[in-house]
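Asker: The following block contains the structure, expressed as structure tokens.
Every number in this text was worked out from the coordinates using simple rules, so none of it is lab data. Everything numeric here is computed off the predicted structure, so don't read it as measured data. Here the Cβ is made from the backbone with ideal geometry for all residues, glycine too, and neighbour counts use every protein chain on show.
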Amino acid sequence: MALDHRRPRARWRDELNKTALHVGYDALSESHGHPNSKNGCLIGDSAPMVRIKRRLEQVSATDCTVLITGETGTGKERVAEHIHQHSPRQGKPLVRINCAALPDGLLESELFGYERGAFTGANASYEGKLKLAEGGTVFFDEIGDMSPYAQAKILRVIETKEAYRLGGRRSIPFDFRVLGATNQDLERLVAENRFRKDLFFRLDVARIHLPPLKERKEDIPLLVDHYLKTYNTRFRRQIEGLTPEAWSCVLHYQWPGNVRELNNVLARISRAPCKGTVFQRVRTPPGNFRSSR
Ligand SMILES: Nc1ncnc2c1ncn2[C@@H]1O[C@H](COP(=O)(O)OP(=O)(O)OP(=O)(O)O)[C@@H](O)[C@H]1O
Ligand SMILES: [Mg+2]
């Protein structure tokens, strides 16, 4: 039996109640998390997501540094985009720096830039990634994976908002807002002397923590609905919903890869060549499925 898409929330509520996954289900109001609502790009209206959206409204309006934490796939990068897009710096660049992929030897030239002739092969000057973000936001992603050398350099530029280009003779000023994200436990890294305490406090001015999807399962129906619509359009399908059996699977699964994994599973089953309009089963992992005919 297909879930009735005209009354999906009532059906989801039934299904959640049936599967005893319901926690504070009144949070599933119509006023939050709809793709067209103010916080539309962040889907979810579970109690934790409602709190996060309220907090995002506050921090987005300011220029303060925000540390975004949470497991892989919980939406940290999406939150960073949201903050930038709702901040006074919207319209200016948002530059993401993957700190985990920043070799010490290239850090300064990549971030601060270099002058022509600074090293063999530097045939032209380069202004560096931080300057590309001028007036906007720099999103330091995977900050828990930085080497001690990178931590020292990034701490200094965040504090002083200026740096020397390689081969340069004067310090270049920067104007950017700082956002940072990690899926690591930074407090533990600090306690183990693997992350600088001063950098930690410099980043942890305002904190947004994204709980894992298994702790906000009320968000799953909205996410499923959003992704089904997206993939129906993209793959020219007419999938109307999930059968109770498929819902039960989706709602009981622990989603270790969080929203990214849910998205991938729905993309995979939506792309598969079958004619059905309802997913009868969703197996995770590895994502086996069958569609009704
Ligand atoms: N609340 C949400 N609403 C809609 N899409 C979301 C939400 N949270 C996450 N996503 C989607 O899930 C995927 C993973 O999100 P994102 O890249 O932001 O995760 P992450 O926390 O940065 O993960 P990682 O630690 O692995 O880098 C993206 O496709 C993103 O658009
Ligand atoms: Mg990320």
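Asker: Give the long-range amide H neighbours of Ser125: residues separated by 5 or more places, or on another chain, with amide H under 5 Å away, using H modelled in the peptide plane at 1.01 Å from N.
Answerer: So Ser125 has HN proximity to Arg116.
Asker: Next up: Among Thr69, Ile83, Cys99, whose Cα lies farthest out toward the positive end of the dipole of the range 48-209, if unit charges sit on the beta carbon of Lys, Arg (+1) and Asp, Glu (-1)?
Answerer: Ile83
Asker: Still on this structure, please answer the following. If you project the alpha carbons of the range 163-213 onto the principal axes, what extent comes out on each, in Å, largest first?
Answerer: So the extents along the principal axes, rounded to whole Å, are 47, 25, 17.
Asker: Which value in Å does the Kirkwood hydrodynamic radius of the range 48-209 take, with 1/r averaged over all unlike C-alpha pairs and then inverted? Could the numbers behind the result be given before it?
Answerer: On the way: mean 1/r = 0.0614 Å⁻¹.
By the Kirkwood definition, the hydrodynamic radius is 16.3 Å.
Asker: Dividing the Cα convex hull volume of the range 192-266 by residue count, how many Å³ per residue is that? Don't jump to the answer; show the numbers that get you there.
Answerer: Details: hull volume 10.5 nm³, N = 75.
Cα convex hull per residue, to the nearest whole number: 139 Å³.
Asker: Now for a separate question. With unit charges on the beta carbons (Lys and Arg positive, Asp and Glu negative) and the dipole taken about the Cα centre of the range 48-209, which residue among Tyr149, Ser171, Asn123 sits farthest to the positive side?
Answerer: Toward the positive end, the furthest listed residue is Ser171.
Asker: Return His84, His252 ranked ascending by Cβ neighbour count within 10 Å, so the fewest neighbours appear first. Walk me through the numbers before you get to the answer.
Answerer: Numbers: His84 23, His252 13.
Ascending number of Cβ neighbours within 10 Å: His252, His84.
Asker: Then there's this: Of all DSSP beta bridges in the range 48-209, what percent run antiparallel (nearest 5)? Present the calculation step by step, with values, prior to reporting the outcome.
Answerer: On the way: 4 of 22 bridges.
Antiparallel bridges: around 20 percent, rounded to the nearest 5.
Asker: Still on this structure, please answer the following. Could you go through the range 171-176 in sequence order and give the Karplus-derived ³J(HN,Hα) for each residue, using 6.51 cos²θ - 1.76 cosθ + 1.60 with θ = phi - 60°, rounded to whole Hz, and x for Gly and Pro?
Answerer: 6, 9, x, 10, 10, 8
Asker: Which shape class, rounded, prolate or oblate, goes with the range 91-155 when its Cα gyration tensor gives a ≥ b ≥ c as root eigenvalues, a/c under 1.5 marks rounded, and past that a/b bigger than b/c marks prolate? Write out the running numbers ahead of the final one.
Answerer: Details: a/c = 2.54, a/b = 1.18, b/c = 2.15.
Oblate, because a/c is 1.5 or more while a/b does not exceed b/c.
Asker: Turning to a different aspect of this structure: Net charge near Lys214: determine it from the other residues with C-beta under 14 Å of the C-beta of Lys214, scoring Lys and Arg +1 and Asp and Glu -1.
Answerer: Combined, the nearby Lys, Arg, Asp and Glu give -2.
Asker: How far is it, in nm, from the label point at Thr72 to the one at Ala122 when both lie 7 Å from their Cα along the line to the Cβ?
Answerer: 3.6 nm
Asker: To make sure I understand, if each residue's beta carbon is the centre and we count other beta carbons within 10 Å, what order do Asp175, Asp219, Asp225 fall in, fewest to most?
Answerer: Ordered by Cβ neighbours within 10 Å, fewest first: Asp175, Asp225, Asp219.
Asker: Per-residue counts of other Cβ atoms within 10 Å, averaged by peptide: what ranking do you get for 100-106, 131-137, 58-64, highest first? Mind showing how you got there, number by number?
Answerer: Details: 100-106: 12.4, 131-137: 18.1, 58-64: 14.3.
Result, highest mean Cβ count within 10 Å first: 131-137, 58-64, 100-106.
Asker: Considering only the other residues whose Cβ falls under 12 Å of the Cβ of Leu102, what net charge follows from Lys and Arg at +1 and Asp and Glu at -1? Walk me through the numbers on the way to the answer.
Answerer: Numbers: positive: Arg96, Lys129, Lys153; negative: Asp104, Glu108, Glu110, Asp141, Glu142, Asp145.
Cβ neighbours under 12 Å give a net charge of -3.
Asker: Take Thr74, Thr233 and order them by how many other Cβ atoms sit within 10 Å, fewest up front. Display every interim value, and only then the final one.
Answerer: Numbers: Thr74 24, Thr233 9.
By the 10 Å Cβ count, ascending, the order reads Thr233, Thr74.
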